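Input: a single structure, listed below in structure tokens.
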Amino acid sequence: MGSFSVVPSEKMRRILRSGWLQIFVSFVFVSLPVRAQVVTLQSLVTPSTVISKDGKLLLFSVHGFIEFRSLSELFPYIDSQEQRWRPSLEPTALTALRRDLLMRGIESRVVSMIDERPLETLSTHTRVELEQALKQVKEPIPEGYAQAFLAVQDKWKHSLNCWSAAPSIPARVLSNWYPIEEGISLYGATYDSTEHFWQAVKYHPDVKVAEVIALLDLMRERDWSPWLKRLDDDPKLYLPNAYAVEFLRHNLEHERLRWFAEEISRQKVSPDERVRTLQQRATTPFRFSAYEEKVLWGDLADVFQLVYQFSPDGDPIRKTLAEHHFDGIYLEDRKMGFISEDFRSLMLEIWKVKYLQMARFGVVIRSIPLEIHLSHFLNDGDSPDIPIPVYIDYLNQIRQMALAASDKINHPAK
């Protein structure tokens with residue numbers, strides 16, 4: 001894999017616990033040799049530049065968990081992946097892989113979850129200024145470097161990143177994490193946010209906390225290295241599912257599995273409680289934050305569902321997970337595959353409630369001009385249950401639906 005170091009990420013915990021409710025405060029920047037608090041355009045496009053905020057390195061990633069300090073560190077990783085897959089891929093596919101990884105890395109460098117300065121710098125300069133800065137780079141760069149930077153600039157000059165800590169109010173409201181004071185009614189229950197529903201539904205209605213703890217104990221007894229190696233060695237498994245594999249590599253570590261168990265204990269939930277039910281709104285709103293829904297209950301369910309998906313038929317863990325209903329998504333009288341179009345389309349269905357039936361959210365999504373593309377980028381962290389491109393497509397679809405519904409009400413004769 002080359003000489004670079006791959007740092008296992010605690011990204012979601014670190015970023016969101018430390019400041020997802022804070023909207024980008026003071027900045028500290030250390031570069032080569034950029035001064036004070038300004039990220040200049042030239043420093044941004046210089047591969048060796050290292051950015052810091054509040055005395056901490058501003059890392060970026062590929063596939064959510066493979067982290068880098070500078071773009072110059074990204075290049076050896078791309079080379080290593082080309083060598084890794086050269087025996088398996090045609091030259092055109094290798095070229096496409098290099099291009100994809102380069103674009104992912106540059107976009108992740110620019111669209112940071114904890115520091116808006118890189119994106120601000122890129123967005124407040126013209127295309128000509130960016131081209132000039134790229135021409136002045138003296139360090140070695142891979143083929144397509146300039147084109148990737150230009151593509152990132154063009155995309156984000158016309159896009160709004162919709163997530164919970166966005167500096168834009170509409171972008172925050174459009175996040176699934178946005179807390180809904182009155183709750184949202186979905187499939188016979190009330191939830192604190194759409195995120196609460198999305199993570200809760202990954203558990204069968206009958207699954208209890210005690211079962212989850214027992215599964216964690218079982219998984220901690222296993223050496224997952226051979227299991228992961230099978231995924232790593234197969235391009236037909238790894239390449240289409242790179243984020244899922246890296247997600248599993250991170251979350252199947254013994255310490256991470258222990259963390260899940262400790263967090264469940266910290267929440268003081270009863271072993272007899274049904275996991276889906278405890279994530280629903282009862283007498284007390286917001287028993288769990290959206291952060292806890294994603295990083296504890298959601299990520300844990302994803303681990304179980306993905307291990308089932310990627311385990312060979314003869315693996316006993318697959319049978320065990322199926323016995324506890326982690327062989328798909330159970331909702332009313334339906335069973336959907338975890339990695340399936342049916343489950344992914346459920347996102348659009350719950351958004352129809354939020355944006356078409358709840359007037360205050362419909363106002364927000366309709367207020368965003370159509371020339372602005374609604375997007376969702378979280379440090380190149382994709383999602384196996386609903387890949388980011390699918391998510392973004394649904395987000396723009398629901399805006400069109402909200403506009404059409406409003407037009408029909410205001411102009412019934414049309």
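Only the coordinates and a few stated rules stand behind these numbers; no lab work does. This one's a predicted model, so the numbers in the text were calculated from it and none came from an experiment. Cβ atoms come from the backbone with ideal geometry, glycine included; neighbour counts cover every protein chain shown.
Relative to one another, the C-alpha centroids of region 134-210 and region 232-296 are positioned 18 Å apart. Take every pair of alpha-carbon atoms less than 8 Å apart whose residues are at least six positions apart; their mean separation over the length of region 146-191 yields a relative contact order of 21 percent.
Separation of region 42-77 and region 380-409, taken as the distance between their Cα centroids, equals 30 angstrom.
Helices of the chain meeting both criteria, an alpha-carbon length of 15 angstrom or more along the long axis and an average Kyte-Doolittle score not below 1.6, with helices taken as full DSSP H segments, do not occur. Candidate cross-link partners of LYS408 among the lysines, defined by an alpha-carbon separation under 22 Å and a same-chain spacing of 8 or more, comprise LYS352, LYS354. Here's the picture: charge each Lys and Arg Cβ at +1 and each Asp and Glu Cβ at -1 in the chain, and of TRP224, ILE264, GLY183 the one pushed furthest to the positive end of that dipole is GLY183. Taking the charge dipole of region 49-130 about its Cα centre, with +1 at Lys and Arg Cβ atoms and -1 at Asp and Glu Cβ atoms, the residue from THR95, SER61, VAL128 reaching farthest to the positive side is THR95. Under 28 Å between alpha carbons, and skipping anything fewer than 8 positions from LYS319 in its own chain: which lysines qualify? Counting by Cα, and skipping residues close in sequence, LYS319 has these lysines nearby: LYS202, LYS208, LYS229, LYS236, LYS294, LYS335. Straight-line cross-link reach from LYS56 at under 19 Å between alpha-carbon atoms covers these aspartates and glutamates, not counting any fewer than eight positions away in the same chain: GLU10, GLU67, GLU73, ASP115, GLU116.
About its Cα centre, how strong a charge dipole does region 360-404 have in debye, to the nearest 20, once Lys and Arg get +1 and Asp and Glu get -1 at the Cβ?
Numbers: 3 positive and 5 negative charges, 75 e Å.
Using Cβ point charges on Lys, Arg, Asp and Glu, region 360-404 gives about 360 debye.
Could you pull out the GluC sites (Glu not before Pro) across region 91-182 that fall in loop regions by DSSP (anything but H, G, I, E, B) with no more than 15 other Cβ atoms inside 10 Å? Don't jump to the answer; show the numbers that get you there.
Values: sites: GLU107, GLU116, GLU120, GLU129, GLU131, GLU143, GLU181, GLU182; in loops: GLU116, GLU143, GLU181, GLU182.
Sites meeting the loop and neighbour criteria: GLU143, GLU181, GLU182.
Each Lys and Arg Cβ is given +1 and each Asp and Glu Cβ -1; about its Cα centre, the chain then shows a dipole of about 900 debye. About its Cα centre, region 283-414 has a charge dipole of approximately 780 debye under the convention of +1 per Lys or Arg Cβ and -1 per Asp or Glu Cβ, with nothing else charged.
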